[in-house]
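Working notes, structure below.
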Amino acid sequence: MRIATWNVNSIRQRLPHLTRWLEESKPDIVCLQELKCQEDTFPKLEIEALGYNCAMLGQKTFNGVAILSRLPLEDVRRGLPGDDSDEQARYIEAVVSTPTGVVRIASIYLPNGNPVGTEKFPYKLAFMDRLIRHARELLALEESLILAGDYNIIPTDLDAKQPELWTQDALAQPESRARFQTLKNWGFIDAIRSCAPDTPLYTFWDYQAGAWQKNNGIRIDHLLLSPEASAKLEKAGIDKEVRSWEKPSDHVPSWVELSL
DNA sequence: ATGGCGGTGGAGCACCGA
C-alpha cells in the first residue's frame with residue numbers, strides 16, 4: 001500500500017497535476033495540504049471520478065487539508081484537539097481498514113511561523129505542542145499510524161541545500177527542530193530519512209530566484225510512522241520530477257510503501 | 001532575500017507562503 005503527502009498550493013490550480021500524478025504514481029492514500037478553498041469549491045466529483053473517496057477540512061483563501069483514499073475513510077476527525085479557538089484548517093485524521101489491518105492517517109499543515117519575533121512563531125510552537133500531545137494519545141492505540149504533511153520544519157542541516165540561508169528562519173529554529181525531535185523520541189520514524197540516512201533530499205523549491213534550477217531546496221514535508229507502521233515500511237521516496245511540470249506547486253509529493 | 005514568484009480575493013494591490 002502506497003501512502004503519499006503533497007502540499008498542492010491550491011487544489012483548484014493544481015487539479016491537472018493532481019490528476020496526472022494520481023494516474024502515474026497510483027497511491028492508495030493521499031494527504032493534501034494548502035487546498036486554499038472551502039468545501040463548496042473542493043473538486044470532490046473530479047477526485048471521486050479518479051477512484052478516490054475524500055474527506056476535507058477547508059477555509060476561505062488559506063490552509064485547508066484533505067485525505068484521499070481508494071478504500072473508505074472511517075472515523076474522520078477534523079481539527080487538531082487542544083484549542084477550540086483555533087479556526088485554521090490544518091489537521092484532518094481518518095482510519096482506513098485494509099484486508100490485512102487498520103491504518104490511521106493524519107494530514108497536517110503545520111504553521112510556517114515566520115517571521116520569528118511575531119505572534120506567528122509561538123503559534124507554530126503551540127500547534128506543535130498540541131500535535132505532540134495528540135500523537136501521544138494516538139500512540140497508545142498501538143495502531144499503524146502515519147502523521148504526514150507539510151511540517152514546515154527543516155529537521156537538520158542535511159535537509160537544506162544552503163543551510164546558512166535558513167538560520168534566522170522559523171523552519172530551522174532550535175525550538176522547531178526540538179519539537180520534531182520530540183515526536184521521534186516518542187517512537188515515530190522519519191520515513192524518508194530512515195530509508196536514505198545520508199542523502200540530501202528536498203521536497204520544496206521556492207518559486208523565486210531560480211531555486212529549482214539551482215536545486216536550492218529544503219526537505220520540509222515528512223511522513224512520521226508509529227512503531228507499528230515502521231515495522232511494515234518497505235520503501236520511501238520523493239516524486240521530484242513533478243516540480244519540473246508546467247505551473248507546478250512549490251512542493252512535490254513524498255510517499256511510503258507499507259506491507260499492508 | 002532588501003522577497004525577484006505564485007495564489008487568493010476581487011478588480012488595486014495587500015496579504016500570505018517558506
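Read-outs throughout are calculated quantities, based only on the coordinates presented, and are distinct from any laboratory measurement. Since this is a predicted model, take the numbers as computed values, not measurements. A quick note on method: Cβ atoms are made from the backbone with ideal geometry, for glycine too, and the neighbour counts reach across all protein chains shown.
Values for this structure:
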| read-out | value |
| --- | --- |
| Cα centroid separation - segment A:223-260 against segment A:124-138, whole Å | 22 Å |
| Most fluctuating residue given options A:Leu45, A:Leu71, A:Leu110, as computed from a GNM of chain A linking Cα atoms under 10 Å | A:Leu45 |
| Sorted by Cβ density within 10 Å, fewest first, the residues A:Lys124, A:Lys26 | A:Lys26, A:Lys124 |
| Among A:Ser194, A:Ser85, A:Ser244: highest mean-square fluctuation, GNM of chain A, C-alpha pairs under 10 Å | A:Ser85 |
| Taking A:Thr199, A:Thr182 and counting other C-beta atoms within 10 Å, the order from fewest to most | A:Thr199, A:Thr182 |
| A:Tyr109, A:Tyr123 arranged by Cβ crowding within 10 Å, fewest neighbours leading | A:Tyr123, A:Tyr109 |
| Interatomic Cα distance distribution for segment A:146-197, bins of 5 angstrom, percent | 4, 18, 29, 28, 15, 5, 0 |
| Rg in Å to one decimal, and Dmax rounded to a whole Å, for chain A via C-alpha atoms | 16.9, 49 |
| Distance from segment A:160-206 to segment A:16-56 (C-alpha centre basis), Å | 27 Å |
| Helix-only [θ]222 nm of chain A, DSSP H runs n ≥ 4, -39500 (n - 2.57) each, per residue, nearest 500 | -6500 deg cm²/dmol |
| Unsatisfied cross-links (Cα-Cα over 25 Å) in the set A:Lys161/A:Lys184; A:Lys124/A:Lys184; A:Lys26/A:Lys240; A:Lys36/A:Lys184; A:Lys36/A:Lys240; A:Lys120/A:Lys232 | A:Lys36/A:Lys184; A:Lys120/A:Lys232 |
| Candidates per trypsin sites (Lys or Arg not before Pro) in segment A:196-260, loop by DSSP, up to 12 other Cβ within 10 Å | A:Lys214 |
